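Asks: The structure that follows is given in the form of structure tokens.
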Amino acid sequence: MSDKTPRPQLAHLTAQLEDLRQRGTHFKLRVLDDEQAPVCTYDGKRVINLASNNYLGLCNHPKLREAAIAATKKYGVGSGAVRTIAGTMHIHMELEEKIAAFKGVEACVVFQSGFTANAGTVSSILGKEDFILSDELNHASIIDGARLSRAKIKVFRHKDIAHAEDLLKEIQHEPGRKLLITDGVFSMDGDIGPVDKLCDLADQYGAIMMVDDAHASGVLGRNGRGSVDHFHCTQRVDVQVGTLSKAIGALGGYVCGSRDLIDYLYHRARPFLFSTSHPPSVAATCIAAFDLLEIEPERIQRLWDNTNYFKQQLTAAGFDTGGRTTPASETPITPILIGDGRATMDFSRSLFQAGLMATGIAFPTVPEGKARIRTIMTSEHTREQIDQALEILITVARKMNILPA
Ligand code: PMP
């Protein structure tokens with residue numbers, strides 16, 4: 001047997017990959033040759049980039065680079081341990097204090113990613129006697145956290161408050177705790193979660209209220225404080241999650257809330273307890289990013305101006321940008337609905353060849369039959385780049401009969 005011959009033990013994986021190839025949804029990772037920017041080079045091809053979560057252009061901001069370099073020079077490249085053993089540095093504490101102050105809450109804990117922030121929190125604050133009421137389109141990290149908690153999971157129809165209330169009524173006399181949880185911005189459709197209405201339900205039924213603001217942080221609310229701030233619900237949300245990996249431009253996730261919530265997570269959240277803390281450069285970068293949100297709010301304004309212009313032009317060209325068979329986008333995430341998975345992937349590949357990076361998303365990330373090109377606007381795209389992107393989208397869509405010729 002040569003080294004390359006697959007071992008039979010993993011033959012089921014090979015079969016599944018073949019199945020993806022047959023469906024036309026198997027992909028190869030595109031590799032970025034330079035920096036995450038509105039125009040950049042993937043796999044040697046210069047493209048306008050509509051695919052990253054770099055909402056405010058902070059991934060390569062000079063001040064953030066300098067902060068990372070200075071922290072590396074001062075503290076080295078690694079933290080050396082998990083937070084609870086020997087890996088808590090002053091810069092980690094400073095970042096947590098900065099985020100708590102920014103969000104207007106008592107305390108904050110930083111995790112290695114938004115994924116582990118959600119999964120580690122949901123799984124540790126509830127047990128098997130408890131109930132989780134979760135929007136059907138909530139992020140995978142919430143779903144996984146819910147499963148790990150062993151609590152009873154009840155899924156309400158997307159943003160359907162009446163359905164969430166029906167589910168709460170069914171269990172209101174059960175002794176277990178109830179957690180109501182929603183994304184602040186839904187990552188595939190770009191619509192905003194009904195945080196205020198869910199807070200009303202949580203107050204009425206005594207449920208814990210939790211919001212995942214991964215795509216709302218840096219985008220919604222005062223200076224990008226998120227959806228909870230946008231709805232003036234800071235005092236009514238018990239657990240606010242955010243990410244440092246999107247608008248903040250670096251890597252990580254965080255949970256904000258009361259001092260006791262955070263102290264509890266320090267003691268019980270498994271990704272916090274069992275995984276090494278951030279390198280000091282990442283913490284320093286994030287501190288610089290939060291400072292920038294306060295002193296350069298015009299970035300957020302530019303993001304919204306670009307978003308509104310791009311959406312208007314897409315709709316005028318005849319694209320289905322959601323709102324017919326899927327929720328209507330209200331944020332810089334704008335889907336272009338295609339439906340069929342294979343057609344979507346073909347469209348995305350042709351766009352790339354024509355100079356546009358716009359990722360195709362198919363089942364299982366979105367429901368079967370609702371495949372789409374998912375675009376994300378940033379504050380740093382120029383009007384010329386946006387116009388060029390639109391021209392490519394329209395030309396390729398006409399050629400492929402996605403728009404009438
Ligand atoms: N929540 C939502 C809604 C997300 O879209 C994401 C990122 N895909 C996450 C959480 C996870 O964040 P991170 O990339 O920091 O792990």
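Asks: In segment 228-273, what count of residues is obtained for those that are away from the ligand (no atom under 11 Å from the Cβ) and either polar (S, T, N, Q) or in a helix (DSSP H, G or I) (or both)?
Replies: Residues that pass the stated criteria total 21.
Asks: Kindly evaluate GLN301 against the criterion of being part of a helix (DSSP H, G or I) and more than 22 Å from the chain's Cα centre (by Cα).
Replies: The answer is no for GLN301.
Asks: Restricting to segment 117-133, count the residues that are touching a Phe, Trp or Tyr at 6+ places or on another chain (Cβ under 8 Å), under 23 Å from VAL366 (Cα atoms) and within 12 Å of the ligand (Cβ to nearest atom). Lay out the reasoning, then the answer.
Replies: At the first step, the residues of segment 117-133 found to be touching a Phe, Trp or Tyr at 6+ places or on another chain (Cβ under 8 Å) are 117, 120, 124-125, 133.
When the remaining residues are screened for being under 23 Å from VAL366 (Cα atoms), the result is 117, 133.
When the remaining residues are screened for being within 12 Å of the ligand (Cβ to nearest atom), the result is 117.
Residues in segment 117-133 being touching a Phe, Trp or Tyr at 6+ places or on another chain (Cβ under 8 Å), under 23 Å from VAL366 (Cα atoms) and within 12 Å of the ligand (Cβ to nearest atom): 1 in total.
Asks: Got a sec? Which of GLY87, GLY120 is farther than 15 Å from MET209 by Cα, in contact with a helix residue (DSSP H, G or I) (Cβ under 8 Å, 6 or more places away or on another chain) and not hydrophobic (A, V, I, L, M, F, W, C)? Before the answer, list the steps.
Replies: On the way: GLY87 fails: in contact with a helix residue (DSSP H, G or I) (Cβ under 8 Å, 6 or more places away or on another chain).
Criteria check complete, one pass: GLY120.
Asks: Inspect all residues belonging to segment 35-47 and state whether any of them is away from the ligand (no atom under 16 Å from the Cβ), assigned by TED's automatic domain parsing to the domain that holds ARG147 and either out of contact with any helix residue (DSSP H, G or I) (no Cβ under 6 Å at 6 or more places or on another chain) or touching a residue at least 12 places away in the same chain (Cβ under 8 Å) (or both).
Replies: For segment 35-47, residues away from the ligand (no atom under 16 Å from the Cβ), assigned by TED's automatic domain parsing to the domain that holds ARG147 and either out of contact with any helix residue (DSSP H, G or I) (no Cβ under 6 Å at 6 or more places or on another chain) or touching a residue at least 12 places away in the same chain (Cβ under 8 Å) (or both): absent.
Asks: Further, regarding this structure: I'm trying to understand the selection: among the residues of segment 304-354, which are over 22 Å from the mean Cα position of the chain (by Cα), assigned to a helix (DSSP H, G or I), under 14 Å from LEU50 (Cβ atoms) and not hydroxyl-bearing (Ser, Thr, Tyr)?
Replies: GLN313, LEU314, PHE347, LEU351, PHE352
Asks: What are the residues in segment 19-54 that are touching a Leu at 6+ places or on another chain (Cβ under 7 Å) and either small (Gly, Ala, Ser) or buried (at least 17 other Cβ atoms within 10 Å of the Cβ) (or both), if any?
Replies: Matches in segment 19-54: CYS40, TYR42, VAL47, ILE48, LEU50.
Asks: In segment 159-177, which residues are closer than 25 Å to GLY190 by Cα, out of contact with any strand residue (DSSP E or B) (no Cβ under 6 Å at 6 or more places or on another chain) and either within 14 Å of the ligand (Cβ to nearest atom) or aliphatic (A, V, I, L, M) (or both)?
Replies: Here is the first cut: in segment 159-177, the residues closer than 25 Å to GLY190 by Cα are 159-165.
Checking which are out of contact with any strand residue (DSSP E or B) (no Cβ under 6 Å at 6 or more places or on another chain) leaves us with 159-162, 165.
Across segment 159-177, the qualifying residues are ILE161, ALA162.
Asks: Which numbered condition in (1) within 16 Å of the ligand (Cβ to nearest atom); (2) farther than 30 Å from LEU293 by Cα is the only one that LEU10 fails?
Replies: Only one criterion is unmet by LEU10, namely (1).
Asks: Could you list all residues from segment 170-218 that are within 27 Å of ARG372 (Cβ to Cβ) and in contact with a Phe, Trp or Tyr (Cβ under 6 Å, 6 or more places away or on another chain)?
Replies: Listed by number, the residues that qualify are VAL195, GLY218.
Asks: Turning to a different aspect of this structure: Within segment 191-227, which residues are under 26 Å from LEU168 (Cα atoms), small (Gly, Ala, Ser) and more than 14 Å from the ligand (Cβ to nearest atom)?
Replies: Correct list: ALA202, GLY206, ALA207.
Asks: Among the residues of segment 134-153, which ones are more than 12 Å from the ligand (Cβ to nearest atom), in a helix (DSSP H, G or I) and among the aliphatic types (A, V, I, L, M)?
Replies: Hits for segment 134-153 are ALA146, LEU148.
Asks: Ok, one more. Take the residues in segment 180-196 that are under 13 Å from the mean Cα position of the chain (by Cα) and charged (D, E, K, R); name whichever of them is farthest from GLY206 (Cα to Cα).
Replies: Looking at residues that are under 13 Å from the mean Cα position of the chain (by Cα) and charged (D, E, K, R), I get ASP189.
Asks: Among the acidic types (Asp, Glu), touching a residue at least 24 places away in the same chain (Cβ under 8 Å) and under 30 Å from ASN223 (Cβ atoms), is that true of GLU380? So that I can check it myself, show each step before the final result.
Replies: On the way: among the acidic types (Asp, Glu): yes; touching a residue at least 24 places away in the same chain (Cβ under 8 Å): yes; under 30 Å from ASN223 (Cβ atoms): yes.
Here the answer is yes, as GLU380 does meet what is asked.
Asks: While we're here: Return the residues of segment 178-190 that are of a type outside the set (Ser, Thr, Tyr) and either in contact with a helix residue (DSSP H, G or I) (Cβ under 6 Å, 6 or more places away or on another chain) or within 12 Å of the ligand (Cβ to nearest atom) (or both); say none if nothing qualifies.
Replies: Of everything in segment 178-190, those that are of a type outside the set (Ser, Thr, Tyr) and either in contact with a helix residue (DSSP H, G or I) (Cβ under 6 Å, 6 or more places away or on another chain) or within 12 Å of the ligand (Cβ to nearest atom) (or both) turn out to be LEU180, ILE181, ASP183, GLY184, VAL185, PHE186, MET188, ASP189, GLY190.
The values are calculated or read from the model by the stated rules, or taken from the named source; none is laboratory data. Treat the numbers as computed from the prediction; the structure is a model and nothing was measured. Note that we place each Cβ from the backbone using ideal geometry, even for glycine, and neighbour counts take in every protein chain shown.
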